[in-house]
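Take a look at the structure set out below.
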């Protein structure tokens, strides 16, 4: 059997989607594709657009950018008509563009709320990158605006659509590792001095909001519980000019209602590959790397139902577009079939609330 | 070249000891061995006694036990005269036994203070297992009693004498991984229902005092700093009869004065192999397992002084007795040459103070 990469990836996406929404994916292949306006053509948008190429029910139909040359290049590459290139001023006129069903908001964090709300007001469904926004107030405003406009809002928590993470969740739910006791997670990188992420007005916060959020969110989907309490410490090197506005390091612990405890760590000062360990009464699961675009690896040891000791080592052979494809396909399904996304605005709101608590216990104020 | 295991281990111990106390180990080989009374012949004592067999300056000369048959078996095996077998009532009479220079206290935690103080009063130097005792008050009393009696007090923090951990410390101090940002650690096991460790009066606390202490102490020797603040969460399954008295799980974060942050985790509900990760601005170090008696493994990636990228993977080929041998040799050197041990009573006292803070922030009271 020989498949093109596109066929293979589409198959994978279908198989994955089936796992959590069996009736939807079957329809997906016959649906009219959902047309996306990409708002902000940066690094993450590249991955999203690449992912969309393999989705059976999604397509890029418009671009919103402050760089006309770049937008023109992308338009040509992806077959977007010139009339569907917008800038940040005239974007709202896509209200009248029937090819735009939804938007993908891939701007710096501080712009997520404004562009989500403007898109909703233009009648477009919104898939917004994480972190959802820069504070709890904005998160509420985004949810309200989308409700008001009767459009879907989904936060691009791509790990919810990624097979390694999904397998970890499914192993835990099946009881393979027994009663979960303890989760450890970490994610960080050594940030370049010119990144917008270091500007608090644009980013809202430091590594917690950018990459720590993966660990925070993972502790929630791995446990299937909402934290009952959280506390953190933060630190910044006063002599490192990169950290005049946002924290350099942050560590935290989370308590869940069932008694599961988590300890996590994030940084902008060190290349710290994302991972999580989950320890249960009967075994353990580890993903490392856990949050990358590709090359993920799942390790586990546990007793299966027949009493056989299982020692798992699964490198994820499915490359880069896979989770982005599954994510887009899922949202498009929700749009076409009026379903609530797996990671709706409320999912992002909760993380904003937990991050607020973490920053507060670490003595850091979020932007109002 | 062919060496017996004993020669090999003794060489290794000498090489290791040289690293931190060059003048002492040379003398050690000509010293009259320090004679140890082993107080409590349990699992850990077996490792200690095994380790001592390979030490050039240490020897088992007496046994203190509540089980006469077991004591007799050990005495025969290790050439201890019957007259040097004691029980917990008559132990103090070893004051007049010139073959006993020191004691090794390997009893349940709650007995550490009493037997350390009685030994000091009998004029014997004390090597006491971790945790040093069950609260800060006892730690002070032990230190005071040993000062008063002019005997040495060392806490058996064996990782301070273990090559994998020492190499990690030495790599960090050499600047190999740059400025340390973040440390993560964990250690726990699924405890049997009949262990004395589950009895708060005997243990003083749960996994934090028993195995979490390895992570706590590691964050201190890896950073070379003392915590400026710590906070924790604890949890116990109310339906698990094992955890009626001590905590099941505990997670915590530590802030160090330089800004290094640590997040750690311990449990009695899951087999959680001890590890630590250290992330710096220029590389990382990981030990896993980090705290076992043998089979330790050190992984690291960093740039060496010549700008060459180093990818390290060092399984520790030196078996079980090694760290116990080095530990005993070090203490015997201190006894013979009137030196302060690398892990004196004050080292144990600090951990007691930090654990008090952790328990307090987790809402758990230590025994008075």
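See the values below:
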| read-out | value |
| --- | --- |
| Pseudo-label separations to other copies for residue A:368 - Cα-to-Cβ vector, 7 Å, nm | 4.8 |
| Antiparallel DSSP beta bridges within chain A, as percent of all bridges there, nearest 5 | 60 |
| Order of B:128, B:264, B:334 under a 10 Å beta carbon neighbour criterion, fewest first | B:334, B:128, B:264 |
| Shielding of B:267-280 by partner chains, average beta-carbon count, 10 Å | 5 |
| 17 Å reach of a label modelled at residue B:199, 7 Å along Cα-to-Cβ, counting backbone N of the range B:95-110 | B:106-110 |
| Net length gained if the chain between residue B:360 and residue B:239 were fully extended (0.36 nm per residue, minus Cα distance) | 41.2 nm |
| Prolate/oblate/rounded call for chain A, Cα gyration tensor, a/c under 1.5 rounded | oblate |
| At R0 = 22 Å, FRET efficiency that the Cβ-Cβ distance of residue A:353 and residue A:144 yields, to 0.05 | 0.90 |
| Nearest-0.05 FRET efficiency for residue B:69 and residue B:346, computed from C-beta distance (R0 30 Å) | 0.20 |
| Shape call, the range B:119-225: gyration tensor on alpha carbons, a/c limit 1.5 | oblate |
| Relative contact order computed over chain A (Cα-Cα under 8 Å; 6+ residues apart), in percent | 21 |
| Potential lengthening between residue B:46 and residue B:95 on full extension [0.36 nm per residue; Cα-Cα distance subtracted] | 15.2 nm |
| For residues of B:235-243, the mean tally of beta carbons on other chains within 10 Å | 2 |
| Rounded, prolate or oblate (a/c below 1.5 giving rounded, otherwise prolate when a/b exceeds b/c) for the range A:244-368 by Cα gyration tensor | oblate |
| Ranked B:73, B:173, criterion: other C-beta atoms within 10 Å, fewest first | B:173, B:73 |
| Partner chain coverage, peptide B:245-252 - average Cβ within 10 angstrom | 4 |
| Over chain B: helical MRE at 222 nm, DSSP H runs n ≥ 4 each giving -39500 (n - 2.57), nearest 500 | -10500 deg cm²/dmol |
| Rotation relating A and B, chain B residue nearest the axis via C-beta, angstrom | B:263, 2 |
| Copies compared at residue B:311 - label distances in nm, ascending, label defined 7 Å from Cα in the Cβ direction | 2.2 |
| Inter-copy spacing of residue B:245 label points, which lie 7 Å from Cα along Cα→Cβ, given in nm from shortest upward | 5.6 |
| Cβ-based exposure ranking for A:303, B:355, in which fewest neighbours within 10 Å come first | A:303, B:355 |
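Laboratory data are not the source of any read-out in this text; all were calculated from the coordinates shown. Quantities reported herein were computed from a predicted structural model and do not represent experimental measurements. So basically every Cβ, Gly included, is an ideal-geometry build from the backbone, and we count neighbours across all protein chains shown.
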